[in-house]
1. Given the conditions (1) of a type in the set (Ser, Thr, Tyr); (2) touching a helix residue (DSSP H, G or I) at 6+ places or on another chain (Cβ under 8 Å); (3) over 15 Å from residue B:155 (Cα atoms); (4) at pLDDT 85 or above, and given that residue B:246 satisfies all but one, which numbered condition is not satisfied?
2. Looking at A:315, A:250, A:269, can you tell me which residue is farther than 30 Å from residue A:604 by Cα, in a helix (DSSP H, G or I) and modelled with pLDDT of 85 or more?
3. Hey, could you check the range A:488-498 for residues that are within 7 Å of chain B (Cβ to nearest Cβ) and within 26 Å of the chain's Cα centre (by Cα) and say which is farthest from residue A:512 (Cα to Cα)?
4. Can you find, within the range A:458-468, the residue that is farthest from residue A:557 (Cα to Cα) among those that are under 29 Å from the mean Cα position of the chain (by Cα), touching a residue at least 24 places away in the same chain (Cβ under 8 Å) and surrounded by fewer than 21 Cβ atoms within 10 Å (Cβ to Cβ)?
5. With the checklist (1) under 25 Å from residue B:243 (Cβ atoms); (2) under 14 Å from the mean Cα position of the chain (by Cα); (3) crowded, with 21+ Cβ neighbours inside 10 Å in hand, flag the one item residue B:160 doesn't pass.
6. Given the range A:362-434, what helices (runs of 4 or more DSSP H) lie entirely inside it while holding 3 or more residues that are surrounded by fewer than 24 Cβ atoms within 10 Å (Cβ to Cβ)?
7. Among the residues of the range A:141-158, is any surrounded by 12 or more Cβ atoms within 10 Å (Cβ to Cβ) and touching a Pro at 6+ places or on another chain (Cβ under 6 Å)?
Amino acid sequence: MSFYVVQFLSGLASAAALFLVASGLSIIFGVTRIVNFAHGAFYMLGAYVAFSLTERLSGTLGFWGGIIAAAVIVALIGVLVEMLLLRRIYRSPELFQLLATFGLTLMVEDLAVLIWGPDDLLGRRAPGLRGAFDFFGQAIPTYDVLLMVLGPVVLGALWLLFHRTRWGVLVRAATQDRDMVAALGVNQKWLFTSVFALGVFLAALGGALQIPRDAVNHTMDLRIIVDVFVVVVIGGLGSITGAFVAAVLVSELNAFGILIFPKISIILVFLVMAVVLIVRPWGLFGKPEAAARQTPGLAVQPWRPLSSQARLAFVGVLILAAALPLLGSNYALIVGAEIAIFVIFAVSLHFLMSVGGMASFGHAAYFGLGAYGVAFLAKLAGLPMIACLLLGPLLGLFGAIVFGWFAVQLSGVYFAMLTLAFAQIVWSIAFQWVDVTGGDNGILGVWPAALVATPARFYWLALAITALSVVVLRVLVFSPFGYALRATRDSGLRSEAIGINSKRIQWTAFVIAGTFAALAGALFAYLKGSVFPDNAGIALSVDSLVMVLLGGVETVSGAVVGAIVYKALSIWLVSYTELSKLVMGAVIVLLVVMFPKGIVGTFDSLIESGRLSFLKRGSSRATQTEGAE
Amino acid sequence: MSGAAALLSVDDLTKSYGGVHAVRGVSFKLAAGEILALIGPNGAGKSTCFDMLNGQRKPDRGRVQLLGQDITGQPPRRVWRLGVGRTFQITATFPTMTVRENVQVALVSYASQIFNLWRSTPDFQRDEADRLLALVGVEGYAERPCGELAYGDLKRLELAIALANQPKLLLMDEPTAGMAPRDRIELMRLTARIAREQSIGVLFTEHDMDVVFEHADRILVLNRGTLIAEGSPEDVRRDPQVRAIYLGEGLVYDARHQEGAGT
């Protein structure tokens, strides 16, 4: 019995950090409407800075002085970030904000490794709190007791701050109607900045307080942010009480989940989240979100079917691509096959995101499921390649059916966070369920059939499937189904009023997109000969988003161009620099701030505005039809 | 006018939010080809009433019947399938599609083809789409992106979309709100003509009393959630209760427009 009590108390102690970060995220979202992906990075920075301060300057500040100073320093960094980056994207679509703050996360990760090194850092214990209570023979660390108390104390302090101070009243007013608050003469800029500083302070404090409990390393940002997303989805974005309740709930589920499902404890959290979403789609304490801002990709020019010239051009490019084995080395062919696979992946996300208006932050889940599907069939069932390629993606299809049903109940940032959480669940299962998936060691030896075993033949296979996928998805865009999907994106109200079942249409689109992603994953498993949990990782999900964004969300050709450029760039970066994340993060941030239309979109705008007028005559019809090339 | 074969029959419709009775015990009938106006001051419950008719909101009590079939609380898309078209106070169209495609989507849905993955939508029932566009007078813009249309034309387009399922009943929430005076008259004349020709019942809410008194066959007056008057424009105009509510608003109509009302 006492064991369970101790487990429960340990869960409460873990909830403190989760609550601090989640409440910070909620406060920032409430006022600025930005879901700050970089919140995990600020949490991590808090831990690193606190480590340095308590190790190096413990004489001057003491342990607690170091913890507080770390949170303040990181909050000041947050102020800089807000002023330099966020102020430029407050009016951007949610997806862009998530991406920009994710780019920031990538940069911080590499910077942290540069400054503090890649190894785990063990912080010192809090002075005076090193011991443990004896609880019926079980030990409870004294420090944990402090954390248990801290959660409710912070909750109370925040309540006082928001209800008993002038600043708090303004923040609550801005949460309800920020334009009105601005109209009443409140300096909105500084209100936003101060709110952001407070949110970052809380996250950094949460990180700093972790150093006596846990090693500090450069992966703690993504670990916490996924848990935080789950917490705010359950508790309701924007609600501090919700963040507290959900943080306790999730921490306890984790604490006891390990006892019930030792191998796949994450399942329990997932089940609870699913139930909450069915009963209260906006979380336990959340309010229904106002209509989401318009999704990126609302083309001014309606999409048109390809002209015959454009079709010829497509075939021409395809023939050129097919000629690569005559010129390129084996390495070029392997890179070429990988790029082709990622074109399928990007185009499938484009279908979901641009045509359907559903910006998924976890599209890699289905890529990963497709890859594992193939690996299971090939290694466990011993099926031939052709059967694996056809049946493997069914695992992704099945995953998309289950997850998609929940995801389409929501929209906007909730949709993004939920899809991310689902992807993380897939990743965790792949990582934790070692008996079946091999865990971190993955599944090795997934080799293609002899017929396509040479790089050239495999490349042709990948290219053919890619071309077919692009054509099929384009046909879908112009099919009645594609139009119904765009209708649900353009106006849910009007769609329902002309008899379209929006949810079912969106669900179907989700399943279609997931299946194509799974097909890409299946090919990828054969290309690499192995499957790893990272095939469903966050990094890959974001890769797909960046590919679509880089090329331009408005066009199918954008997704294709984006996939080619991004994949080539990242393969090149990884082989030439140690700091690929830093560069990639900077690219993402710049892209969002300066070229939100992407390569193809920017190119079209230049032609439209006449700055590339020499191209205009030849391509004026192409611009008309370019919509979805 | 409310004969045995009522197209729409509303019985004791009631809805409250918290303790506020938004709509209380509203009953009326609407015949095919009849144009019925629902008027009342702001907050009278017009929009709530309207939303309950096409399933946007569920009533607490009461019944809505279309040609004798109970449609109370059915979701909007089912109500639409049964032959009810709707236009919104603020137009709801598909801005990234062309004007013609906007109508084609509605035609696709009417033909139960929305899960068709193969056909090309731009070629789908093109003639029928063009016929509807011509009917409301925006055929010249068929290829234009819908987002580029002027507001008055958007309203017309919305009417064309609402007509795509050959409705028996049109629900129009403030059809002329935000339009220039001349466009208002034109749109309502158009609506009235289509309603008469195709024997479609029309229920509309409206703040512009010129529009109401010129085009409605019959008027329902809602105040604080209850019907306080019902009858022909003349009856309603003379009603002392209505006068009390509308003093200084629609009644100016009396003197100014009496002679011109017939044109």
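1. Only one criterion in (1) of a type in the set (Ser, Thr, Tyr); (2) touching a helix residue (DSSP H, G or I) at 6+ places or on another chain (Cβ under 8 Å); (3) over 15 Å from residue B:155 (Cα atoms); (4) at pLDDT 85 or above is unmet by residue B:246, namely (4).
2. A:250
3. Top of the filtered list is A:491.
4. A:465
5. All conditions pass for residue B:160, except number (1).
6. Filter on the range A:362-434 gives A:385-391, A:393-407, A:412-432.
7. Among the residues of the range A:141-158, at least one is surrounded by 12 or more Cβ atoms within 10 Å (Cβ to Cβ) and touching a Pro at 6+ places or on another chain (Cβ under 6 Å), which makes the answer yes.
This table checks each residue for (1) surrounded by 24 or more Cβ atoms within 10 Å (Cβ to Cβ); (2) touching a Lys or Arg at 6+ places or on another chain (Cβ under 7 Å); (3) at pLDDT 95 or above.
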| position | (1), (2), (3) |
| --- | --- |
| A:492 | no, no, no |
| A:496 | yes, yes, no |
| A:499 | no, yes, no |
| A:510 | yes, no, yes |
| A:516 | yes, no, yes |
| A:522 | yes, no, yes |
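The values are calculated or read from the model by the stated rules, or taken from the named source; none is laboratory data. In this text, all values refer to a predicted model and were calculated from it rather than measured experimentally. Please note: Cβ atoms are built from the backbone with ideal geometry, for glycine as well, and neighbour counts cover all protein chains shown.
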